[in-house]
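Note sheet for the following structure.
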Amino acid sequence: MKHTIATIILLTFVCFCNKANAQNEMYDSALARKLNADEYGMKYYVLVMLKKGSLQLTDTNKRDSIFRGHMNNIQRLASENKLVLAGPMDENDKNYEGIFVFNTGNLDEARQWLSTDPAFQAKALDAELYAWYGPAALQEIISIDKKLHKKHF
């Protein structure tokens, strides 16, 4: 009986070690460095909740112009690897319009990047900013996303 228990413990230990080694073999240290990943494959970002601003837009042409500039700014920030995720939200009781995830853990730097957006300059949008700890691989979405667009805004 003692021999059986010892064998089971040994086999469990061997399986555990093999699984741990297999996981380490998948680790790509060069990619982790490139993406500034910590040992858990994570890093800090700034999550931005985009909200309706104080500007009440009734002029359709002005609204279209502001939001065309907003979309152009999104594309510029993404091409500079500053913005890793963006998208609109459905109507909701919080007046949230969408989200941004900025490729920085620095709230002041994220505010500076927001200040370049015509929709924020015109006060058509406002924002809540939060430090967010997420997967470093999120940065790779931009390069994949480019392959999925038939049309651009």
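The values are calculated or read from the model by the stated rules, or taken from the named source; none is laboratory data. Bear in mind that the values here come from a model prediction, so they are computed numbers and not experimental data. We place every Cβ from the backbone using ideal geometry, glycine too, and count neighbours over all the protein chains shown.
State whether the residues of region 102-118 include one that is closer than 26 Å to Leu35 by Cβ and among the basic types (Lys, Arg). Within region 102-118, one or more residues are closer than 26 Å to Leu35 by Cβ and among the basic types (Lys, Arg). Filtered by the rule that a residue be among the basic types (Lys, Arg) and either at pLDDT 90 or above or in the same structural domain as Lys94 (by TED's automatic domain parsing) (or both), region 17-62 gives Arg33, Lys34, Lys43, Lys51, Lys52, Lys62. If the condition is being assigned to a loop (DSSP other than H, G, I, E, B) and in contact with a strand residue (DSSP E or B) (Cβ under 9 Å, 6 or more places away or on another chain), then region 41-63 contributes Gly41, Gly53, Ser54, Leu55. Exactly one residue out of Asn103, Asn81, Asn72 is polar (S, T, N, Q), loosely packed, with under 14 Cβ neighbours inside 10 Å and either in the same structural domain as Met26 (by TED's automatic domain parsing) or under 26 Å from Met26 (Cβ atoms) (or both), and it is Asn81. One residue stands out among those in region 27-66 that are surrounded by 11 or more Cβ atoms within 10 Å (Cβ to Cβ) and among the basic types (Lys, Arg): the one that is nearest to Leu85 (Cα to Cα), which is Lys43. So, in region 63-87, of the ones that are basic (Lys, Arg) and closer than 14 Å to Gln121 by Cα, which residue ends up modelled with the highest pLDDT? Of everything passing the filter in region 63-87, Arg68 is modelled with the highest pLDDT.
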